[in-house]
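A.B. asks: This is the structure, below, for whatever I ask next.
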Amino acid sequence: MDSQKEALQRIISTLANKNDEIQNFIDTLNHTLKGVQEKSSNILSELDEEFDSLYSILDEVKESMINSIKQEQVRKSQELKSQLTQCNNALENSEELLEFATRSLEIKEPEEFSKAARQIKDRVTMASAFRLSLKPKVSDNMTHLMVDFSQERRMLQMLKFLPVPKAPEIDPGECLVADNSVTVAWRMPEEDNKIDHFILEYRKTNFDGLPRVKDERCWEIIDNIKSTEYTLAGLKFDSKYMNFRVRACNKAVAGEYSDPVTLETKALNFSLDNSSSHLNLKVEDTCVEWDPTGGKGQESKIKGKENKGGSVHVTSLKRHTRSGTPSPKRTSVGSRPPAVRGSRDRFTGESYTVLGDTAIESGQHYWEVKAQKDCKSYSVGVAYKTLGKFDQLGKTNTSWCIYVNNWLQNTFAAKHNNKVKALDVTVPEKIGVFCDFDGGQLSFYDANSKQLLYSFKTKFTQPVLPGFMVWCGGLTLSTGMQVPSAVRTLQKSENGMTGSASSLNNITQ
């Protein structure tokens, strides 16, 4: 019976997976069908625009040529009309002179005849008819303005669709995921000198394998990439994977997408656990601030109620921790008021602590912490889940930390099991924390220069949580980060540690 149930359960699981695959494929088909319809309409619209542009250019060229022909016509007409006017005037004068010469032949008196002959001779000498060029200044030939469209006609007849660029091929072996950056490299299946640029698309996902149509994030687009690789820098790896695809574009058209590639972007992602924080800490996601009024508003309301029905004894104490951290006024009441801010009582007393919401059980991880400039005191490290509610980071054998104190005296030290190791280095602007759970190592770095500040060497026997203490100030976390290459390199070359948990056991305060 049990074996049959197990077999049936496997069949159900197989069918469910197959149904999920079919449904995903149906979604892909519907998405593709919609894309075909939309893109066909877009291409038709673009084709109309291109032809309208061609028509517009032809109209402009035609108008220019018509103007040239008309201008040539006007120029030649003016030349010929001017020449015609000159000829008509010369002919008129010549006919008048001819008539005068004909009449002169009839003169009988020799003196009058001689006088007329001299006048005719002088007038003939000055006559414009004998100075005219009897050749047209311009011809009626207009063939120099004729246009031969045979070549252009052949080109238009040969007009066809521009070849669509082939889909590029992303080479996973050439892709690099490091230092919260991803370098994607691809190549064309064959040389194409008409490629103008590439378009890279990516999105974050928690699913391995091929991208899903219905995914939680949209594709991000990077356009106008001129080379065959691109680096996305400064990413926050808040998902397990990233999908990538690329397409090639020429001057007119974009090709198909490459086969998508999924790259793993593994990193520790955590937030501060508000439910695990001290009442005097204000916690929001990756920020924590000291809040000296924590719970006081609620306590005053309760105090008012208690004064009506009974008495409350309040004792104020001013104390200092052994590490030099002042403890603010503590109040103890005859009857404990209800907890506020979500009933937080994970840490109390002088343990101004908040833990991360994600346990580290294996692997190597890295995160960074930045303190406010006026922060009086803070600690950064890790702790077992069993850290006591009154315990401070570094004061037990279940926690390790690096500690900064800027109140009364400046202290920068590593702490574990209530032992302190002073650090003779400048407190950095931002502290990087490297935790190698399997290797039993916890190291602290200057996050900017990657200078090693201190290393604990131990053996973690339980999962650890990132831990933070803050007093009079605030801290900001940067998570979703890979272990930096510089840190990995330094860890490999580090044969001996600067300090260790065992060495702290021999140090007295």
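A.B. asks: Looking only at the stretch 402-419, count how many residues are among the charged types (D, E, K, R) and either free of Cβ contacts under 8 Å to residues at least 24 places away in the same chain or surrounded by fewer than 22 Cβ atoms within 10 Å (Cβ to Cβ) (or both).
C.D. replies: Matching residues across the stretch 402-419 total 1.
So that you can scan it fast, the table gives a plain yes or no per residue for (1) open to solvent by less than 40 Å² (accessible area, probe 1.4 Å); (2) within 27 Å of Ser275 (Cβ to Cβ); (3) out of contact with any Asp or Glu (no Cβ under 8 Å at 6 or more places or on another chain):
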{"position": "Ser379", "(1), (2), (3)": "yes, yes, yes"}
{"position": "Thr386", "(1), (2), (3)": "no, yes, yes"}
{"position": "Asp391", "(1), (2), (3)": "no, yes, yes"}
{"position": "Lys395", "(1), (2), (3)": "no, yes, yes"}
{"position": "Trp400", "(1), (2), (3)": "yes, yes, yes"}
{"position": "Lys421", "(1), (2), (3)": "no, no, yes"}
{"position": "Asp436", "(1), (2), (3)": "yes, no, yes"}
{"position": "Gln441", "(1), (2), (3)": "yes, no, yes"}
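A.B. asks: Something else now. Is at least one residue of the stretch 31-49 surrounded by 10 or more Cβ atoms within 10 Å (Cβ to Cβ) and touching a residue at least 40 places away in the same chain (Cβ under 8 Å)?
C.D. replies: yes
A.B. asks: Scan the stretch 155-163 and give yes if some residue there is modelled with pLDDT under 90, part of a helix (DSSP H, G or I) and farther than 30 Å from Gly255 by Cα, otherwise no.
C.D. replies: No: zero hits.
A.B. asks: Are any residues in the stretch 167-205 of a type outside the set (A, V, I, L, M), part of a loop (DSSP other than H, G, I, E, B) and either open to solvent by less than 80 Å² (accessible area, probe 1.4 Å) or modelled with pLDDT of 95 or more (or both), and if so, which ones?
C.D. replies: Those that are of a type outside the set (A, V, I, L, M), part of a loop (DSSP other than H, G, I, E, B) and either open to solvent by less than 80 Å² (accessible area, probe 1.4 Å) or modelled with pLDDT of 95 or more (or both): Pro168, Asp171, Cys175, Asp179, Asn180, Pro189, Asp192, Asp196.
A.B. asks: Sort out which residues of the stretch 56-79 are within 60 Å of the chain's Cα centre (by Cα) and of a type in the set (Asp, Glu), and write them in order of number.
C.D. replies: Asp59, Glu60, Glu63, Glu72
A.B. asks: Please find, among Ser53, Ser94, Ser82, the residue that is of a type in the set (S, T, N, Q), within 60 Å of the chain's Cα centre (by Cα), assigned to a helix (DSSP H, G or I) and modelled with pLDDT under 95.
C.D. replies: Ser53
A.B. asks: Which residue out of Leu145, Leu162 is in contact (Cβ under 8 Å) with a residue 12 or more places away in the chain, open to solvent by less than 80 Å² (accessible area, probe 1.4 Å) and more than 42 Å from the chain's Cα centre (by Cα)?
C.D. replies: Leu145
A.B. asks: Does Arg217 count as touching a residue at least 24 places away in the same chain (Cβ under 8 Å) and either within 30 Å of Leu29 (Cα to Cα) or touching a Pro at 6+ places or on another chain (Cβ under 6 Å) (or both)?
C.D. replies: No; evaluated as a whole, the condition is false for this residue.
A.B. asks: Open to solvent by 100 Å² or more (accessible area, probe 1.4 Å), farther than 25 Å from Lys240 by Cα and touching a strand residue (DSSP E or B) at 6+ places or on another chain (Cβ under 9 Å): is that true of Lys226 in this structure?
C.D. replies: yes
A.B. asks: Being surrounded by fewer than 18 Cβ atoms within 10 Å (Cβ to Cβ) and in a loop (DSSP other than H, G, I, E, B) is the filter; apply it to the stretch 292-308 and report the residue that is modelled with the highest pLDDT.
C.D. replies: This residue is Pro292.
A.B. asks: Let me ask something else about it. For the stretch 467-484, which positions are in a strand (DSSP E or B), farther than 22 Å from Glu264 by Cβ and open to solvent by less than 30 Å² (accessible area, probe 1.4 Å)?
C.D. replies: Gly467, Phe468, Met469, Val470, Trp471, Gly474, Leu475, Leu477
A.B. asks: Are any residues in the stretch 445-461 assigned to a loop (DSSP other than H, G, I, E, B) and open to solvent by less than 90 Å² (accessible area, probe 1.4 Å), and if so, which ones?
C.D. replies: Of everything in the stretch 445-461, those that are assigned to a loop (DSSP other than H, G, I, E, B) and open to solvent by less than 90 Å² (accessible area, probe 1.4 Å) turn out to be Ala447, Ser449, Lys450, Thr458, Phe460.
The values are calculated or read from the model by the stated rules, or taken from the named source; none is laboratory data. Keep in mind that this is a model prediction, so the values were computed, not measured. Here Cβ is always computed from backbone atoms with ideal geometry, including for glycine, and neighbour counts include all displayed protein chains. These area figures cover heavy atoms from the full protein model, side chains too; ligands, DNA and RNA do not enter into them. Shrake-Rupley method; radii C 1.70, N 1.55, O 1.52, S 1.80 Å.
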